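*Asks:* Take a look at the following structure, please.
Every number here is computed from the coordinates shown, using simple stated rules; none is lab data. It should be emphasised that the depicted structure is a prediction, and the values quoted were computed from it without experimental measurement.
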Amino acid sequence: MNDIYKKYVDVISCDNADGSKEPLAIWWDKGVLYKIEKITGRQPCASMKAGGAGIRYTCTVDGHKKYIWLEDDRWFVEAKGDDASEEHSSIQVNFWLLYSIQRNEN
């Protein structure tokens, strides 16, 4: 069964001085890191496909428009597949330690 489900993911993010959070990259299964190339939107929104709500970020990842949600202090995406039970905790990494990822200026 290939249903859409809420998949919690590890995210490298920046905590800004104004209190907002900026996702920089998403850790996917098997250690794959997807850099967020650009953030084009940020708004309160529900995930109608997977359930849940929070701040939805509209991002460009690998040239494609993708959504990632910040729900309380956890990040999730809408994922396809059978394993809806898999969960990961979000990790926050200090921005200045991320020498390999450049901050996107919007």
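*Asks:* Please compare each pair in K21/K80; K35/K80; K21/K49; K7/K66; K35/K66; K38/K65 to a cut-off of 18 Å on the Cα-Cα distance and tell me which ones are over it. Intermediate results must be reported in sequence, preceding the final value.
*Replies:* Numbers: K21/K80 26 Å; K35/K80 20 Å; K21/K49 24 Å; K7/K66 14 Å; K35/K66 12 Å; K38/K65 9 Å.
The pairs that break the limit, which is 18 Å between Cα atoms, are K21/K80; K35/K80; K21/K49.
*Asks:* Whose amide H sits under 5 Å from the amide H of C14, counting only residues 5 or more places off or on another chain, with H placed in the peptide plane?
*Replies:* E22, L24
*Asks:* For G52, list long-range residues whose amide hydrogen, built 1.01 Å from N in the peptide plane, is under 5 Å from its own amide hydrogen.
*Replies:* Correct list: S47.
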